[in-house]
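Structure first, then comments.
What follows draws every value from the coordinates through simple rules; no lab data is involved. Note that the structure is a prediction, hence the values are computed from the model and not measured. Here Cβ is always computed from backbone atoms with ideal geometry, including for glycine, and neighbour counts include all displayed protein chains.
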Amino acid sequence: MKKRSLKRFQIKTYSAVKDNEGNVIESYSNEANEDVALIWPASSKLQVELYGMRVNGILNMHYYGSLAIKEHDMINYEGISYKVINIQNFKRFRAIEIERI
């Protein structure tokens, strides 16, 4: 991994709260944490089969840091908001797929 390949992103944590009528209200924290990761567009044959036409709005991310990233969290990258749709934990990094909102 080359340090010049790392790209800066911001993450906001997801929270779902029920109101007094039982409706689920989804919200994101106002506080954003910054870190770096390898980020590139999704382009493998498997991803094209899984996501079809949505594959154009999906990015892959290898994250080597220590922030707690969960599904549904919001990632801001290059001024565009993405939602975490899949996380795979490996020994040295986490492979994360993010989809444009």
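Of note:
- Residue in region 10-42 that is surrounded by the most Cβ atoms within 10 Å (Cβ to Cβ), counting only those that are closer than 10 Å to MET74 by Cα and β-branched (Val, Ile, Thr): ILE11
- Among the residues of region 1-54, those that are among the aromatic types (Phe, Trp, Tyr) and farther than 19 Å from LYS70 by Cβ comprise TRP40, TYR51.
- Residues of region 57-101 satisfying the condition of being small (Gly, Ala, Ser) and in a loop (DSSP other than H, G, I, E, B): GLY65, SER66, ALA68, GLY79
- Restricting attention to region 1-30, the residues that are in a loop (DSSP other than H, G, I, E, B) and within 20 Å of LEU59 (Cβ to Cβ) total 4.
Each row is one residue, and each column tells you yes or no for (1) touching a residue at least 60 places away in the same chain (Cβ under 8 Å); (2) over 11 Å from the mean Cα position of the chain (by Cα).
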{"site": "GLY22", "(1), (2)": "no, yes"}
{"site": "SER29", "(1), (2)": "no, yes"}
{"site": "PRO41", "(1), (2)": "no, yes"}
{"site": "GLY52", "(1), (2)": "no, yes"}
{"site": "LEU59", "(1), (2)": "no, no"}
{"site": "TYR64", "(1), (2)": "yes, yes"}
{"site": "LEU67", "(1), (2)": "no, yes"}
{"site": "GLY79", "(1), (2)": "no, yes"}
{"site": "ALA95", "(1), (2)": "no, no"}
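- Only one of the numbered conditions (1) in contact with a Lys or Arg (Cβ under 9 Å, 6 or more places away or on another chain); (2) among the polar types (S, T, N, Q); (3) within 14 Å of ILE96 (Cα to Cα) is not met by ASN56, and that is (3).
- Among (1) touching a residue at least 40 places away in the same chain (Cβ under 8 Å); (2) in contact with an Asp or Glu (Cβ under 9 Å, 6 or more places away or on another chain), the one test that ASN86 misses: (1)
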